[in-house]
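Beneath this line is the structure, given in structure tokens, with notes to follow.
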Amino acid sequence: MTLSIYFYLMALNKDEASIVVPLFLLVPIFSLLFSYLVLGEILTLKQIISCALILVGALVLSLEFSEERKLGIKHGVLIFMIFSTMFQAAQETLFKFVTIENSFVASVFWLHVGIILCGLFLVVMKKGLYSEFLDSIRINGKTMFGVNFVSEGMSAVAYMVRDYATLLAPLAVIATLNGYQPAFVFVLGIFLTLMFPKFVKEKIRYTHLIHKSLAIAVMILGTVLVSQTIRL
């Protein structure tokens, strides 16, 4: 997971989030490959079609085409995101491989121990990182810890729910359902634009709403189809 986050941040350093985030749709592709090789999971034709609908809807929802801005992906960004999504799919595959016959709680515990160890390794190995961390605490410590506590708490819960879901259905299907992230961002963006227009400005003109609503409808259709193939 740490390597996945590292390459994701490297990609963000090279281009905008609107270009980088849609590339997370590569995760289901790697998940399909790794789950087949490690777990022996094979998707049915209906599951493949359902996942394809969700991915197409997520891609249409994520990418914004406009006259003033051409859509382009830098080669460096693509390489970083390939590594990021590959490591994320590998982590989810290994988690399911280890956990499916063992304790879920124990696996989650050791997963986060590994993340902490990786963080300590980076602090020790990367020059200046420790001093930067201390400067951040000195300058804006309370805000930094407050924001990170809330953010990391929500992220931890989200990751645990996702990891548990991988034990209930084929890994590639669960990875595909992550495509709903742009949909939630869009809905949240509309809400914040209407309630706090000074801080958030989401494009909510008629054409944008139709475009994004149709994309979400395609994703919902794919989800309904895939739900019919999963027995909990």
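Values computed for the structure shown
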quantity	calculated
Test: residue in the range 78-99 that is within 26 Å of Met219 (Cα to Cα) and either part of a strand (DSSP E or B) or modelled with pLDDT under 85 (or both)	yes
Failed item, numbered, when Ser107 is tested on (1) of a type in the set (S, T, N, Q); (2) at pLDDT 85 or above; (3) in contact with a Leu (Cβ under 9 Å, 6 or more places away or on another chain)	(3)
Residues located in the range 158-186, provided they are modelled with pLDDT of 80 or more, part of a helix (DSSP H, G or I) and closer than 28 Å to Ser213 by Cα	Ala158, Tyr159, Val161, Arg162, Ala165, Leu171, Ala172, Val173, Ile174, Ala175, Thr176, Leu177
Odd one out for Phe149 among (1) surrounded by 13 or more Cβ atoms within 10 Å (Cβ to Cβ); (2) modelled with pLDDT of 75 or more; (3) under 28 Å from Leu23 (Cα atoms)	(1)
Some residue of the range 138-151 being within 30 Å of Thr93 (Cβ to Cβ) and of a type in the set (S, T, N, Q)	yes
Options Val123, Val200: the member that is out of contact with any His (no Cβ under 9 Å at 6 or more places or on another chain), surrounded by 14 or more Cβ atoms within 10 Å (Cβ to Cβ) and modelled with pLDDT under 75	Val200
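The values are calculated or read from the model by the stated rules, or taken from the named source; none is laboratory data. Here the structure is a predicted model, which is why all the values come from computation and not from measurement. Heads up, the Cβs are rebuilt from the backbone with ideal geometry, glycines too, and the neighbour counts pull from every protein chain shown.
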